1. Going by alpha carbons, how many degrees (0 to 90, nearest 10) lie between the helix axis of 165-176 and the longest principal axis of the chain?
2. Given 10 Å bins starting at zero, what is the percent of C-alpha pairs of the chain in each, up to the one with the largest pair distance?
3. Can you give the accessible area per residue of the stretch 247-315, in Å², using a 1.4 Å probe?
4. What is the angle, in °, between the Cα long axis of helix 89-99 and the longest principal axis of the Cα atoms in the chain? Nearest 10 is fine, range 0 to 90.
5. Under a plain spin-label model, where a point goes 7 Å from the Cα along Cα-to-Cβ, how far apart in nm are residue 43 and residue 209?
6. What list of ³J(HN,Hα) values in whole Hz, one per residue of the stretch 31-37 in order, does the Karplus curve 6.51 cos²θ - 1.76 cosθ + 1.60 (θ = phi - 60°) give from phi, with Gly and Pro shown as x?
7. Using only Cα atoms and rounding to the nearest 10 degrees, what angle (0 to 90) does helix 193-205 make with the longest principal axis of the chain?
8. Please list 3J(HN,Hα) in residue order for the stretch 10-16, calculated via the Karplus relation 6.51 cos²θ - 1.76 cosθ + 1.60 where θ = phi - 60°; whole Hz, with x for glycine and proline.
Amino acid sequence: MNLFGRHFLTLKDFTREEIEYLLDLAAKLKEEKKKGITGNRLKGKNIALLFEKPSTRTRCAFVVGARDEGAFPEYLGKDDIQLGHKESVADTARVLGRMFDGIEFRGFKHSTVEELAKFAGVPVWNGLTDEYHPTQILADMLTMKEHFGKLCGLEFVYVGDGRNNMANSLMIGMTKLGVNMTVLAPKSLFPSEDLINLCESYANESDTKLLVTDDINSVSGADVIYTDVWASMGEEDKAKERIELLKPYQVNKSLIEKIGKESTIFMHCLPAVKGYEVTEDVFESANSVVFDEAENRMHTIKAVMVATLGKEDDR
Ligand code: CP
Ligand code: NVA
C-alpha cells in the first residue's frame with residue numbers, strides 16, 4: 001500500500017483497504033514502541049502544527065508521534081501566525097509548504113484545511129474541523145479491534161449530537177469498514193441528508209447497515225456505545241438549548257441497561273463533560289475504554305504521518 005504524498009482530510013478520500021492498512025501500521029508502531037523501539041521513519045522532517053482551537057490529545061499525539069520517528073514538530077497557535085487574518089489561507093499554505101514537510105491543521109471551517117491542502121504542496125492532515133475529525137476515528141477503530149479482535153459485524157451506536165464532526169466521521173468510517181452503525185439523536189440534530197445518502201452507499205458496499213433514529217430503544221444489543229460533548233468547540237452559545245434537547249440521550253445506567261449486554265464498551269473521544277453526555281459511573285466503569293482511545297490517538301496519528309510522509313521501513 002502506498003499513501004506517500006497523500007493528504008488526510010476526511011475518511012471519504014480513503015478506501016476500506018487503505019484505512020485497514022493505516023490501522024495495521026498503527027498496531028505495528030504501537031507494538032514496537034511498547035518494546036522501546038522507535039525509529040527514523042520521519043527523520044529530519046519539519047512538521048507544522050496549526051491550531052485555531054485548543055487541544056490536548058491531538059496536539060500531543062502529533063508532537064510525540066513526530067518526535068518518536070525523528071521529526072521536528074512546531075506548534076503554531078491562532079495568535080502566533082496570520083492565517084486568515086492578515087494573510088490568506090492560500091498564501092500561508094504556500095509559505096509553510098516551502099519550509100515544512102507536512103502540515104497539521106485544527107480549526108473551524110473545513111474549507112480552510114482543503115485550501116491548505118490545495119496550495120501547500122506537502123501533505124496536510126486534518127486534526128479536527130467543524131465537520132470532520134478523521135484521525136480520531138482511526139484511534140477508535142484501533143481500540144475496537146484491540147478489544148473485540150475485529151471490526152466487521154460489530155454493532156456501533158453513537159448517541160448525542162448527530163450532526164457534529166464526530167458523528168459525521170464515525171458514520172463515514174464505520175460504514176466503510178463493515179460496522180453496523182446507528183446514529184441516535186433528536187431529529188433536529190440528525191446528520192445532513194447528503195452525508196446519510198453517501199454513508200448508505202458505503203454501507204451497501206460493505207454489506208452493513210446504517211440507521212439514523214431518535215428512538216432510544218435502538219441501543220439494544222450494541223457492542224459499542226459512543227458519545228461526544230453536546231456543544232462542540234465554537235458552539236458554546238448553544239450549550240443551554242442542547243442540554244434541554246439532549247437530556248434524554250445521556251449515557252447513564254438506565255441507557256446501559258436498555259442495551260442488555262454485559263460486554264458493551266463505552267467510548268468517548270474526550271474531553272468529556274461528565275454529568276451531561278455521560279454520567280461519572282459509566283465513564284469510570286470497567287467497560288469504559290476512553291483512555292485506550294486517547295493513547296491510540298498517538299499511535300494512529302504517527303501511522304498517518306509515516307504513511308504519507310515517511311519511510312515505513314526506516315526503523
Ligand atoms: N479527542 C480530541 O481530539 O481531543 P483534543 O481536543 O484534546 O485534541
Ligand atoms: N465534537 C467535539 C470533538 C472534540 C474532540 C468538538 O468539536 O469540540
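The values are calculated or read from the model by the stated rules, or taken from the named source; none is laboratory data. Quick caveat: nothing in here was measured; it's all calculated off a predicted structure. Methodologically, a virtual Cβ is constructed for each residue, glycine included, from the backbone with ideal geometry; neighbour enumeration extends over all protein chains shown. Quick note on the areas: whole protein, heavy atoms, side chains included, nothing else; ligands and nucleic acids left out. Shrake-Rupley method; radii C 1.70, N 1.55, O 1.52, S 1.80 Å.
1. Once rounded, one gets 90 degrees.
2. 6, 28, 35, 23, 8, 0
3. Details: 3110 Å² over 69 residues.
With the other protein chains kept in place, the stretch 247-315 gives 45 Å² per residue.
4. For 89-99 against the chain, the angle is about 50 degrees.
5. Here the answer is 5.2 nm between the modelled labels.
6. Those phi angles translate into 4, 4, 4, 5, 8, x, 9 Hz.
7. It is inclined by approximately 90 degrees.
8. 8, 6, 4, 7, 10, 7, 4
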